[in-house]
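Since the structure comes first, as structure tokens, the remarks are kept for the end.
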Amino acid sequence: MGENFSLALAKAATGDKLSRQQIIDLLGALPGEEENQLFKLADQVRKQHFGDEVHLRGIIEFSNYCRNDCYYCGLRRSNKQIQRYRIPLAEIIKTAQYAAELGYGTIVLQSGEDPHYSGSELAEIIRQVRQAGNFAITACVGERSREDFARMKEAGADRYLLKHETADPNLFTQLRPATTLVERIKKIGWLKELGYQVGSGNIVGLPGQTVATLAEDILLLRDLDVEMAGLGPFVPHHQTPLRDSKPGDLSLTLKTLAVARLVLPQTHLPATTAIGTLHPAGRQMALGCGANVIMPNLSPESYREKYQIYPDKAGSKENPAESHRKITALLTEVGRSISTGRGDSPKEKFKNER
Ligand code: SF4
């Protein structure tokens, strides 16, 4: 193993704060012994803080309308080839009731940034889903006003997902026209002030991104002190301007996840659907290098193929029961158990929510 890599890994093993350069050194782990040692340590840190239980977060993708035009996303407003939908409230509730029967501890209500819904309407969806079972609610509906975030919190949302996507401000604005990283970070700050458990995260392998950018992503997640971080590979979509770009690299995605686990030991890290799309065993690999969460898609079958942030999403041709069965089998295969709790953040400030 290289000297700089070994020194950085030894520092990580002590739990001391890593420098930017040490994060870069770890992200540069070479295939073979270095990668193995990095993944092994990340797996140990995951086990120490979260044990062998995996939290399931059931996602309901209730609208695929979006006002934004992100270059990497199939839901972008310029994509006229997808059929748009909004799931009626009664059907959302029915899906949530089914999730309750399956024992899910968290429901994620996800949509594009859809201005059709007012803050009060989003709050009402949250209120009614909350009554459908004994679970935590995560909202993932994009950038909204502070008042809307507050309304959703009052209605019962416990968590909010707002990925920062990339910590490079120029790349951010290039790939997400008419939006800025500064504004997004400001909104993540509001969510924290309002008492949400906050999830953020970034895409690995965006065109124009470097290993140094990924180090900045991890440092930003540390600065933001997030409770959850989704780190998934870029998967090009044929109906976007990035259709001809290369997909993110599997090994670099796993290394980013592993280093994130070392830097953010108490943060929930999912084995993302995107990594399962990039490689059939991607989620199993992610669970072996730091991940402790899986987010099965519980959206009714007829809507799934229309929610294509990227194409051929793992599980997009299944129904909720099949998705649940496959995820359960996957966890058995890797020797992990399903948590029966809500899976709140282990941080002291959220202890009353556990
Ligand atoms: Fe909309 Fe999100 Fe897709 Fe951007 S990434 S186009 S905000 S759904």
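The values are calculated or read from the model by the stated rules, or taken from the named source; none is laboratory data. All figures in this text were calculated on a predicted structure; none of them were measured in a lab. Cβ atoms come from the backbone with ideal geometry, glycine included; neighbour counts cover every protein chain shown.
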(Q) Considering only residues that are touching a strand residue (DSSP E or B) at 6+ places or on another chain (Cβ under 6 Å) and among the hydroxyl-bearing types (Ser, Thr, Tyr), which ones fall in segment 43-75? (A) Ser63
Q | Ala286 buried (at least 23 other Cβ atoms within 10 Å of the Cβ), touching a strand residue (DSSP E or B) at 6+ places or on another chain (Cβ under 6 Å) and free of Cβ contacts under 8 Å to residues at least 60 places away in the same chain | A | no
Q | Selection within segment 319-338 - buried (at least 18 other Cβ atoms within 10 Å of the Cβ) and free of Cβ contacts under 8 Å to residues at least 40 places away in the same chain | A | Ser323
Q: Looking only at segment 12-32, decide whether some residue is among the polar types (S, T, N, Q), surrounded by 13 or more Cβ atoms within 10 Å (Cβ to Cβ) and either closer than 20 Å to Asp217 by Cα or more than 16 Å from the ligand (Cβ to nearest atom) (or both).
A: yes
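Rundown of residues vs (1) among the β-branched types (Val, Ile, Thr); (2) in contact with a strand residue (DSSP E or B) (Cβ under 7 Å, 6 or more places away or on another chain), yes/no style:
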position: Gln266; (1), (2): no, no
position: Thr277; (1), (2): yes, no
position: Pro296; (1), (2): no, yes
position: Pro300; (1), (2): no, no
position: Glu322; (1), (2): no, no
position: Asp344; (1), (2): no, yes
Q: Please work out if Ala274 is closer than 21 Å to Lys347 by Cα and among the small types (Gly, Ala, Ser).
A: no
Q: Could you list all residues from segment 88-117 that are over 22 Å from the mean Cα position of the chain (by Cα) and among the hydrophobic types (A, V, I, L, M, F, W, C)?
A: Leu89, Ala90, Ile93
Q | When residues of segment 241-276 are limited to those that are surrounded by fewer than 22 Cβ atoms within 10 Å (Cβ to Cβ) and of a type in the set (Ser, Thr, Tyr), the one nearest to Val45 (Cα to Cα) | A | Ser251
Q: Test Thr213 against the stated conditions and say whether it is under 13 Å from Cys70 (Cβ atoms), surrounded by fewer than 20 Cβ atoms within 10 Å (Cβ to Cβ) and not hydrophobic (A, V, I, L, M, F, W, C).
A: no
Q) Could you say which residue among Val108, Val54, Val45 is at pLDDT 95 or above, within 16 Å of the ligand (Cβ to nearest atom) and not in a loop (DSSP other than H, G, I, E, B)? A) Val108
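Tell me which residues, restricted to segment 289-302, are surrounded by fewer than 21 Cβ atoms within 10 Å (Cβ to Cβ) and either of a type in the set (A, V, I, L, M) or touching a residue at least 24 places away in the same chain (Cβ under 8 Å) (or both). Spell out how you get there, then give the answer.
Pass one, segment 289-302, residues surrounded by fewer than 21 Cβ atoms within 10 Å (Cβ to Cβ): 300-302.
The answer is Pro300, and nothing else.
Residue-by-condition table, conditions (1) part of a strand (DSSP E or B); (2) near the ligand (Cβ under 9 Å from one of its atoms); (3) within 21 Å of Lys313 (Cα to Cα); (4) touching a helix residue (DSSP H, G or I) at 6+ places or on another chain (Cβ under 7 Å):
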site	(1), (2), (3), (4)
Asn68	no, yes, yes, no
Tyr72	no, yes, yes, yes
Arg77	no, yes, yes, no
Gln81	no, no, yes, no
Glu91	no, no, no, no
Lys94	no, no, no, no
Tyr98	no, no, no, yes
Glu113	no, yes, yes, no
His116	no, no, no, no
Q | Options Ala281, Ala314; residue that is more than 27 Å from Glu113 (Cα to Cα) and not aromatic (Phe, Trp, Tyr) | A | Ala281
Q | Tally of residues being within 28 Å of Asp43 (Cβ to Cβ), outside any loop (DSSP other than H, G, I, E, B) and of a type in the set (A, V, I, L, M) across segment 298-354 | A | 5
